[in-house]
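Only one structure is covered here, and it is reproduced in the block below.
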Amino acid sequence: MAVCVAVIGKDNSPLYIGGIGNDCSTDNELSRQWLVHTALDALEERLATSSSINANSGNSTAHTDLRDLYGYVTNTRIKLVLVTSSTSPSGSNIRDAEVRTALRRLHALYADAICNPFHLPGDQITSVKFDKQVKSLILNNV
Amino acid sequence: MRCDVQRRRGGRAAAAAAAPQAAAAGGGAAPIRAAAGRLTEQQGPPGLQLPHSELEQLWLEVQLPGATMALGTAYRPESKLYLRLIYGKEAQKHIRMATQPSDNTEFPPEITLKPLALIGLSGLDTVNNAIHKAIWDAFSNNRRPDRASVRFKLLNNTFEFPVVKPKRNSYEWYIPKGILKKNWIPKHVSLIPAVIVIFYDMEWNDPQWNEKIIECASRVQSIRAAVEGHATRVAVVVVQSGLSPPPSEYLLGAERAQALSSACEIQSKTLFVLPHNDHLMGYIIKLENAFYDIAQNYYHHETKNIKQHRDHLNKTTHQYLFVRHQFKLGFLNEMKQDLSTAHKHYLHSYNNLLETRQVDTNIHELRTVAGYINYKLCKLLFALNLARDAIAQLKLHIERYKSRIGPTELLFEHYAWMARQYSAFGELFDDAIRAGLPAIQSQHPGFYYQYAAQFTMKRRQAMRSVCCEATQYPPAPDPMEGIVEFYGQRPWRPGRLSADPHDPQKEQAAILALQYNERIFNHSAMIISFLGSAISQFKTFHSPRMRKQLVVEMANEYYYCADYGKALTLLTHMLWDYRREKWWFLASYVLNRALQCAYLSAKIQDYIHLSVEALSKHIQVPNNDRNRIYKNIMSVLQLNIPDPEPDLPVASQTKALDLWQSSIDKEPLTICIDMTNISSFLEVKPKFVQQKYRMDEFIDVEIYARLIHCSLEVKKILLTVSSNTETMEIPITDNGNSTVTLHHGVVYKFLCQFKPNAQDNGSDINLINISFILDLNKQRKIVMNFKIEESKPRGTCVHPELLHLIMSPKSDYNFDCIVPVTTASVMSRECRLSMLIENQAPALQGEWFPTTFTITNDENCSVYDMSITVSLLSSLDNPNPDSVTDMSLVHGKPQSQPLLIKVGDLNNSSKYSNIFYLKTNKIALIAVQIRVSYYINLHDSPKLECVRDFTTKITVIKPFEVEASFSDMNFKPITKCFLDDPFIVMPQIKILSPWSLLIVDTDLETISCCKHCDEEQQSCVSNIEVTEKDVASDAVCIVAKYKPKDPLTRIGLYNIKWRRKCNLDGPCVMSTSALPGLTIDDCPISLHVSYPEVIELQTSVPLKCILTGNTNIPVRLSVTIEGSDAYMCSGYKNTSVTVPPHGTVELCYNIHPLVTGRTTPPRLKATLLGDNSKQGTIKEIFEKNFPQNIFVIPKYNK
């Protein structure tokens, strides 16, 4: 079950962080931001060690006790991070293929969002539509 | 649980970690204490006398693989230090458990240390006997890891061994009171040796052999008596001088050794001889390994004993014993260094423990023991290089025990235990990495320290919820006072197994005591310590962001324990990184916490710094209350105490107020803030209006400012500009008013103008800083510096073209689309001179080519000190023009380059003219630069220098091309010539110059092997005029004198003297070209044929042929005349002639023409007799010299 989705710019600044939490309190937001921010360590490490980045390079994962983090780096070094809770309600583990599909769809959504001529590249994504679509992706897909 | 009085008081006094801990006391410890008491009385040197148990404890703490210390040595405060010094890092590692934050969940040292086989050495007098001392030192010092895993202990005569417990025959009525006895491990690790080695000085040929053997045997007997009941092995080492005995005594040695072993009742393989000579260390290592073997044997025997008990046990009453026995087996195998078997037994023990029934009264004991066994398991798995299994074991362990919470009043104990599991595992993991285990970013000890910190936080949370009422330690009797025999048991009810508390009141008091202890425990210190360990691990394993998060958590802990200064330092460092990566939410969180710390510690510099940043649009402040922060800044400016930040701990507020009272009107009075490094509420962009400025122009800088919040009264704005020569501060005014008030939402534009410095001509000027100074005339001022650094790439590039579509207020666009320009160059004033260049290009190669230039002063006034520099510019095809081209102001005399002309003054609209010449041998395009510099007096800037470069390009071409052809004397083309055979060189001059030329004269300079045939040489082409595409042909007759060694590359140099036709009176130019060479061949003879050119018909004429020998030997030839139809001929038809060396032979024929016209005369043919290598040449020379045809004219009959 995905709980949080983040889009990180090539300079590692957050472009979008969205999640479904029951409460929107500061504490929840804070822990979500810490989680995504620290996930960058693992992504950066992978990027530094792999010499060339293939098209939409693969996933990298980091596991903590409660959360699994999946990362996806586009050709333009935009990083997409998907956080899933490892204790899914059905009890079954999330399959890699599902995560991959979800990340691909997220990439497509991101591409649509930045095609908006009113969006300044490098700025945070404030589009309501994007937010809605991402949340539905989180809820429906994984 | 190892909680006694001393311990609790230590905890109250802020847990002095270094205090030696009182070790287990109990039934088994009594004999140790008694024995130690005697020891210290007898031989303890003066020093601090400690109870033996403490000494033992200390000893255990510093025990290393093989490290040894004689029991009974008096404790001195420096002992611990001393040991650390000796064993360095090794000891640090082992002592660390004691320096880690301590609470009652720490593992006792006997659990954490690696068990080593214990070997007792007896009979060594290390104080009085130097040899014994050397032996002891060899055993005990320099214990490197490659030596056997044993520990030596020096026993003296009075040493007493623990009393053996009576052997139990039946377990039927036995109910164990606990799981693991505290004294069992120390007993085996340091009190019951596996082997006792008796050292005895004796030579095989000792005169008093009989007495000696008896004494030795009695020593063995007394040791045997002392260890009565233990299976300890006994070995004897006979210490002998290293002198080898005479051969006659070899047998004696064997015999006496036999006798000694039977007298001592030992096996012959446990009798050793130690010669103390140069090779002592080698013998010692051999002995050590032998002892180690015996020790292993002993421990094997011990394990067998324990295994025997198993049959008597039953699962209902003896579940504890299943755990205990397996643990003992594991431990003994560990001492035996059989790690995999040890692991097997520990695992059995662990699994047996899991099957034990858990109730509230034994939960603490169960999990304490489970923790110990798990620790042992993980440690062994790491030692066996099975790191993955170790991690899996820990995970499983946590999974199994995390829900075994126990009574809720003591919930904190559960979390403390969890934290300890993680931190101990982290240490094991860390040690394994130090020993060479590779770790990765996603699996390293840092995570476990982090969990330990997290569980300690949970522990504090639990403490807050359950310990609120424990405000006082329960009155006497102290429930914590009591002796505990088993690990993890409670001192107020030792050995009780029943599930129901037997004394509810006592239980209540004990819980209160535990809660009270927990309440006063410094959780923050522990969390900080765990976080510190985790941070260094995350740093090692390339996780900078994780590290940052932990540092922030650490700062939070400092905040909770009111160490605001430390917290502030950490937070301000971390703020930097979050700001740089634009994680504004996290930056806001860090900044708000830092602001609280700055307020509470009344650090004015930091407080203002953080407050100013808090006004930025990126930072979220609590309740979105920027006005409050703005007011606080203004208060500090007015030397008033600011309002407190929200949500401060009440306890610290009064102290903070005091701090503010004392520091508000003191230094720092001027607070400088580097605004470019923080996210600012005031944005500034400077811009040079132009990229380049002339010296006589004003430099204008536009400064745009925008305020995000409130309105701001700025006392002064200063712009700092730097150039090569100076740095100046220029005040910026708003319509002449230095105080400027800014309002939010408006884009302000200030214009600043200044004159460039005359010395900065040609250099760049940079904007380096803009300062906004806030000052309310109250001594304190805030300087906001916007530094502009060239080297620093600007964070965001501005793309105004992208901003058009962004929906933002118009004023924002006006500001956002401005691209800062911070560098401009200053150039000299524009020059108003014009130049006219006249020449007859293209120039011809080799000539001095004149160019006339004329400068006209178009300025409004006269100029002075004008100077002109003429230089050549290099280009790609002509990289070093000055080396191939001469320049001069005078025709024909090269001058040094560049040419300098001092002109002096030049009046308004007057002209100056001059000529320069250049001469080059290179065919290229020559670029000539004429730089004119002068000074001019203008009304506002006197003596202003102006410079202008004029460039002209001159093409250089060849005036002509010279080709040459060769022909024989009959003008037939030849490709080779013969020695002494004249031939003609015909140079052809092809004119390329577009200008008409006059060829004045030519001559051929032959090389040394040739010479001119004519005495007087007269050029065929002298004094002729030629124009483009003409070809002038010359002819010179030369002859080869001798044959040069190398083939000829050129026949000579052809010099042409010429000049332009239009320039008749000018000096001539001499051009020289090399003419190509031809082959020179030699011939044994030379041939001269004389014959008339024209003959009358029917008239006999002689045909004379002169053969001259060229060689030092005679040449023999066979000569045949080849007749012709057109002639009659008389003479030898076929003859042979001999040409003498350097002599001549003359052959005469008469020929008589029969027909008119061009006729072919008879020819001679010669064949070389003898050596005919030169036959071809002979043939060729005859062919060449005989006429092809002779013209015969008819005869007129008169």
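The values are calculated or read from the model by the stated rules, or taken from the named source; none is laboratory data. Fair warning: this is a prediction, and the values are worked out from it, not measured in the lab. All Cβ positions, glycine included, derive from the backbone under ideal geometry; neighbour counts span all protein chains shown.
Check whether at least one residue in segment A:18-34 is crowded, with 22+ Cβ neighbours inside 10 Å and either modelled with pLDDT of 80 or more or more than 9 Å from every other protein chain (Cβ to nearest Cβ) (or both), and report yes or no. Checked segment A:18-34: at least one residue is crowded, with 22+ Cβ neighbours inside 10 Å and either modelled with pLDDT of 80 or more or more than 9 Å from every other protein chain (Cβ to nearest Cβ) (or both). The residues of segment B:489-517 that are polar (S, T, N, Q) and modelled with pLDDT under 85, listed by number, are B:Ser498, B:Gln505.
Taking the criterion of being more than 14 Å from chain A (Cβ to nearest Cβ), among the small types (Gly, Ala, Ser) and in a loop (DSSP other than H, G, I, E, B), the residues of segment B:405-445 that qualify are B:Gly406, B:Ala435, B:Gly436. Considering only segment B:825-849, state which residues are over 30 Å from B:Gln691 (Cα atoms), hydrophobic (A, V, I, L, M, F, W, C) and part of a strand (DSSP E or B). Within segment B:825-849, B:Leu836, B:Ile837, B:Ala843, B:Leu844, B:Phe849 meet the criteria. Just one of (1) surrounded by 17 or more Cβ atoms within 10 Å (Cβ to Cβ); (2) in a loop (DSSP other than H, G, I, E, B) fails for B:Asn724. It is (1). The residues on offer are B:Arg545, B:Arg626, and the sole one that is within 21 Å of B:His709 (Cβ to Cβ), touching a His at 6+ places or on another chain (Cβ under 7 Å) and not hydrophobic (A, V, I, L, M, F, W, C) is B:Arg626. Considering segment B:1120-1174, the qualifying strands (runs of 3 or more DSSP E), each wholly inside and each with 2 or more residues that are within 12 Å of B:Cys1105 (Cα to Cα), run over B:1144-1153, B:1163-1168. Criterion applied to B:Lys133, B:Lys165 was being over 29 Å from B:Tyr422 (Cα atoms), over 44 Å from the mean Cα position of the chain (by Cα) and at pLDDT 85 or above, and the one residue passing it is B:Lys133.
Take the conditions (1) modelled with pLDDT of 85 or more; (2) in the same structural domain as B:Asp865 (by TED's automatic domain parsing); B:Asp940 misses just one of them, which is (1). Candidates in segment B:308-323 are the residues that are assigned to a helix (DSSP H, G or I) and out of contact with any helix residue (DSSP H, G or I) (no Cβ under 8 Å at 6 or more places or on another chain); of these, the one that is surrounded by the most Cβ atoms within 10 Å (Cβ to Cβ) is B:Tyr320. Of everything in segment B:598-632 that is within 14 Å of chain A (Cβ to nearest Cβ) and assigned to a helix (DSSP H, G or I), the residue that is farthest from B:Thr676 (Cα to Cα) is B:Asn623. Out of segment B:604-624, which residues are surrounded by fewer than 21 Cβ atoms within 10 Å (Cβ to Cβ), over 38 Å from the mean Cα position of the chain (by Cα) and touching a residue at least 12 places away in the same chain (Cβ under 8 Å)? Selection gives B:Ile604, B:Lys617, B:Gln620, B:Val621, B:Pro622, B:Asn623. With respect to the conditions (1) buried (at least 21 other Cβ atoms within 10 Å of the Cβ); (2) closer than 24 Å to B:Glu713 by Cβ, B:Leu586 falls short on a single one, namely (2).
Looking only at residues in segment B:887-897 that are modelled with pLDDT under 85 and touching a strand residue (DSSP E or B) at 6+ places or on another chain (Cβ under 6 Å), the one that is nearest to B:Glu838 (Cα to Cα) is B:His891. When segment A:96-139 is filtered for residues that are within 14 Å of chain B (Cβ to nearest Cβ), in contact (Cβ under 8 Å) with a residue 12 or more places away in the chain and closer than 16 Å to A:Gly19 by Cα, the ones remaining, listed by number, are A:Gln124, A:Ile125, A:Ser127. Just one of the numbered conditions (1) within 24 Å of B:Ile175 (Cα to Cα); (2) surrounded by fewer than 18 Cβ atoms within 10 Å (Cβ to Cβ); (3) under 56 Å from the mean Cα position of the chain (by Cα) is not true of B:Ser349: (2).
Within this structure, B:Gly736 fails the test of being in contact (Cβ under 8 Å) with a residue 12 or more places away in the chain, of a type in the set (Gly, Ala, Ser) and exposed (fewer than 15 other Cβ atoms within 10 Å of the Cβ). Of the residues examined, B:Thr356 is one that is within 28 Å of B:Gly426 (Cβ to Cβ), at pLDDT below 95 and more than 53 Å from the chain's Cα centre (by Cα).
The requirement of being modelled with pLDDT of 85 or more, under 30 Å from B:Gln988 (Cβ atoms) and either assigned by TED's automatic domain parsing to the domain that holds B:Phe983 or not acidic (Asp, Glu) (or both) is not satisfied by B:Phe950. When segment B:744-764 is limited to residues that are of a type in the set (A, V, I, L, M) and assigned to a strand (DSSP E or B), the one that is surrounded by the fewest Cβ atoms within 10 Å (Cβ to Cβ) turns out to be B:Leu751. Could you tell me whether B:Leu251 is of a type in the set (A, V, I, L, M, F, W, C), farther than 22 Å from B:Ser140 by Cβ and in a helix (DSSP H, G or I)? Yes, satisfied. Within segment B:527-572, take every residue that is within 22 Å of B:Tyr599 (Cα to Cα) and β-branched (Val, Ile, Thr) and give me the one that is farthest from the other protein chains (Cβ to nearest Cβ). By that ranking, first place goes to B:Thr569. Residues of segment B:590-605 that are of a type outside the set (Gly, Ala, Ser) and modelled with pLDDT under 90: B:Lys603, B:Ile604, B:Gln605.
Let's see how each residue does on (1) surrounded by 23 or more Cβ atoms within 10 Å (Cβ to Cβ); (2) outside the structural domain of B:Gln620 (by TED's automatic domain parsing); (3) aliphatic (A, V, I, L, M):
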| residue | (1), (2), (3) |
| --- | --- |
| B:Met554 | yes, yes, yes |
| B:Leu571 | yes, no, yes |
| B:Arg579 | no, no, no |
| B:Lys582 | no, no, no |
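For every residue, the table says whether it meets (1) of a type outside the set (Gly, Ala, Ser); (2) more than 17 Å from B:Ala263 (Cβ to Cβ).
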site: B:Asn142; (1), (2): yes, yes
site: B:Tyr174; (1), (2): yes, yes
site: B:Ile198; (1), (2): yes, no
site: B:Arg219; (1), (2): yes, no
site: B:Ser222; (1), (2): no, no
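Selection of first residues in segment B:573-597 that are within 10 Å of chain A (Cβ to nearest Cβ) and of second residues that are among the acidic types (Asp, Glu) and in a helix (DSSP H, G or I), restricted to Cβ pairs under 8 Å at least 6 apart or on distinct chains, gives the following pairs, ordered by first then second residue: B:Phe585/A:Glu29. If you filter segment B:633-664 down to residues that are within 48 Å of the chain's Cα centre (by Cα) and assigned to a loop (DSSP other than H, G, I, E, B), you find that the one that is surrounded by the most Cβ atoms within 10 Å (Cβ to Cβ) is B:Glu645.
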